[in-house]
Amino acid sequence: MNKDLKPLKVPEKGVDLLSNSLWNKGLAFTESERDRFGLRGLLPPVIRSLEEQKNRALSAVRAETSDTRKNMYLQELHARNETLYHQLLVENITELAPLVYTPTVGQACLEFGQNWRRTRGMYFSRKDRGMFSTMVYNWPHKDVHVIVVTDGSRILGLGDLGVHGMGIPIGKLALYCAAGGIAPHRVMPVMLDVGTNNPVLIADPEYLGTREPRLEGEEYHDMVDEFMHAVFSRWPDVVVQFEDFESSKASALLEKYRHKYRVFNDDIQGTGCVTLAGLLSAAHNAGGSINDLRIVCAGAGSAGLGVCSQIVDGMVEAGLSREEAMSRFVIVTSQGAIGSKDGAHGDPNHARGLQGDRAAWLNPRVSDGASLLEAVRAHGANCLLGLSTQAGIFTEAAVKACLDNHPSPIVMPMSNPTSKSECTPAQAYEWTNGAAVVATGSPFAPVTLPNGETKIPSQCNNMYVFPGIGLAASVAGVTEITDRMLYLAAVACSESLTPEEQAAGRTFPELARIRDVSHAVACSVVAEAVAQGLTTKNDPRLGSEDGIADLIASKMYYPQYTPFVEHRP
């Protein structure tokens, strides 16, 4: 990599330097550095290059007997040598991303208490109320660019894991660094410990959080307010990403803060953006455009409806009226389709009282309470979108009904982890004789069809968009992440596909090119921010497309060892 290798001023020496994961090079310290920083005798005499260390670490990961143990090894490496950890991740992102994040991170969260060894990030507990604004100064880094925060209330498809959901912000920020080029000293994982309603955790002696029911109502929102005020008081330009908040809180928090602070909800905006990108690519692969889609969506939580809203925004950008775009959807709840109150199925959604966010999605073409299969048939659906966390809800009959409506139906089981997927790619391909265009929320292996053809289902992974969005906000000081920026990020992601990837049936680029995708996404977001006057940075390169591309590339962190010089106060 052609990166600036100017020396870094390092304040620690000796054992303190070896204990600092940001500075530690392990056996890669040179003879000169060992003398100047009091390391001689504290390390074995052998000197190893970063490449040698990386190869040994990768062999060690591969030697572990389960994905959970591989995750634990990587966590331990992260805790002792961040440069080596991120170099390993950058160079082996396709292999290691599923170990650092989904699907393995779900099991890591379930075992968080029993495997906890060393702290990472900050925990803001209800017991600390009134002290948040001073607590933030306990964090040792003065220049935080990205915070990922969760309250642990809806971890993947696993529900309320309380503070054990901290594995999510940690894993997410590892991807910010590796895929988005945000330097590791500029990120901070955060847990808001508001309690837990999980009786198993409350009774678990290994549970690390507050053993009281979750705060609700005004108390809950006051605590989040205090947190937001505290972090933006210390780091005014930081980007806060909300992650895995339960549906009843997620949308409300996003709407409350999105025009006041630099905030982003990955479950709503990130998933919506990457799903839109996948649909843009899938529609192209199926021989049409996004405006040709008729979608049945399984899942009606506020996050899921937020995803559908972003797809509607994309259809409007592509030329449909909002009314027509909304009519292209049928939303299926646990009670069946949200549809016409005609009594055919007892009108269960109407009987429960359609709330404002769900009422807007009523489609009169289907009967209220109709099954997913009935909805597909009545709506003429050519796309199945799964946001339900209900494994197996995409049945053979439903997928084949989509095939009846279109020769290349789009099947997107988006739920995480793998065990919650609405169907598997192998099933979708089998039921359609390989005709389906498939994208998934969790990673799945390629599928070989009976005729010998190999199909590669793309993972519709939020990491294709959120690192680039965070990178853009960090580099240009984007003051607000608008819906238009999210649409352009989706387009940039889709347009990053190479002709070869499109020919292979992919709906997303190969994960090995994720940093190129992040760069493209960031360029699109920054260009829109500049056009709308929503940046705070004054770099002259922001005045042109080539300048923006050069600026973003120059700011992307690449993990490598740099020379050290002693910091003298």
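The values are calculated or read from the model by the stated rules, or taken from the named source; none is laboratory data. These figures come from a predicted structure and were not determined experimentally. Here the Cβ positions follow ideal geometry from the backbone for every residue, glycine too, while neighbour counts run over all protein chains shown. Surface areas here come from the heavy atoms of the whole protein model, side chains and all, with no ligands, DNA or RNA. Shrake-Rupley method; radii C 1.70, N 1.55, O 1.52, S 1.80 Å.
Picking from residues in region 14-29 that are in a loop (DSSP other than H, G, I, E, B) and free of Cβ contacts under 8 Å to residues at least 40 places away in the same chain, the one that is most open to solvent (accessible area, probe 1.4 Å) is N20.
Pairing each residue of region 519-531 that is under 19 Å from A178 (Cβ atoms) and open to solvent by 40 Å² or more (accessible area, probe 1.4 Å) with any residue that is among the hydroxyl-bearing types (S, T, Y) and modelled with pLDDT under 95, provided the two are 6+ apart or on different chains, yields no C-beta distance under 6 Å. Per the conditions (1) of a type outside the set (D, E); (2) surrounded by fewer than 18 Cβ atoms within 10 Å (Cβ to Cβ); (3) within 26 Å of the chain's Cα centre (by Cα); (4) farther than 24 Å from Q427 by Cβ, the sole criterion not satisfied by G353 is (3). Residue check: V240 meets all listed conditions (1) more than 17 Å from G121 (Cβ to Cβ); (2) touching a Lys or Arg at 6+ places or on another chain (Cβ under 8 Å) but one, namely (1).
Checking L208, L279, L215, L254 one by one, the residue that is in contact with a Gly (Cβ under 7 Å, 6 or more places away or on another chain) and crowded, with 20+ Cβ neighbours inside 10 Å is L215 and no other. Looking only at residues in region 544-569 that are of a type outside the set (D, E, K, R) and without any contact (Cβ under 8 Å) to a residue 12 or more places away in the chain, the one that is most open to solvent (accessible area, probe 1.4 Å) is P569. The residue list A401, A381, A370 contains one member that is at pLDDT 95 or above, open to solvent by less than 40 Å² (accessible area, probe 1.4 Å) and assigned to a helix (DSSP H, G or I), which is A401. Is at least one residue of region 487-498 part of a helix (DSSP H, G or I), open to solvent by 40 Å² or more (accessible area, probe 1.4 Å) and either β-branched (V, I, T) or over 22 Å from V307 (Cα atoms) (or both)? No - not one qualifying residue is present in region 487-498.
For the structure I just gave you, tell me whether V105 is part of a helix (DSSP H, G or I), at pLDDT below 95 and under 30 Å from M191 (Cβ atoms). When the stated conditions are applied, V105 passes them.
Scanning region 257-276 for residues that are open to solvent by less than 10 Å² (accessible area, probe 1.4 Å) and aromatic (F, W, Y) yields a total of 2.
Out of the residues in region 323-343 meeting the condition of being closer than 19 Å to S302 by Cα and in a helix (DSSP H, G or I), tell me which one is least open to solvent (accessible area, probe 1.4 Å). Residue satisfying both the conditions and the ranking: A325. Of the residues making up region 143-163, none is assigned to a helix (DSSP H, G or I), surrounded by fewer than 17 Cβ atoms within 10 Å (Cβ to Cβ), of a type outside the set (K, R) and in contact (Cβ under 8 Å) with a residue 40 or more places away in the chain. Answer with yes or no whether A426 is within 26 Å of A397 (Cβ to Cβ), out of contact with any Lys or Arg (no Cβ under 6 Å at 6 or more places or on another chain), of a type in the set (G, A, S) and not in a helix (DSSP H, G or I). For A426, the condition - within 26 Å of A397 (Cβ to Cβ), out of contact with any Lys or Arg (no Cβ under 6 Å at 6 or more places or on another chain), of a type in the set (G, A, S) and not in a helix (DSSP H, G or I) - is not met. Being farther than 29 Å from F508 by Cα and assigned to a helix (DSSP H, G or I) is a condition met by no residue of region 282-289. Filtering V296, V224, V307, V240 for residues that are at pLDDT 95 or above, buried (at least 19 other Cβ atoms within 10 Å of the Cβ) and assigned to a helix (DSSP H, G or I) leaves a single hit, V224.
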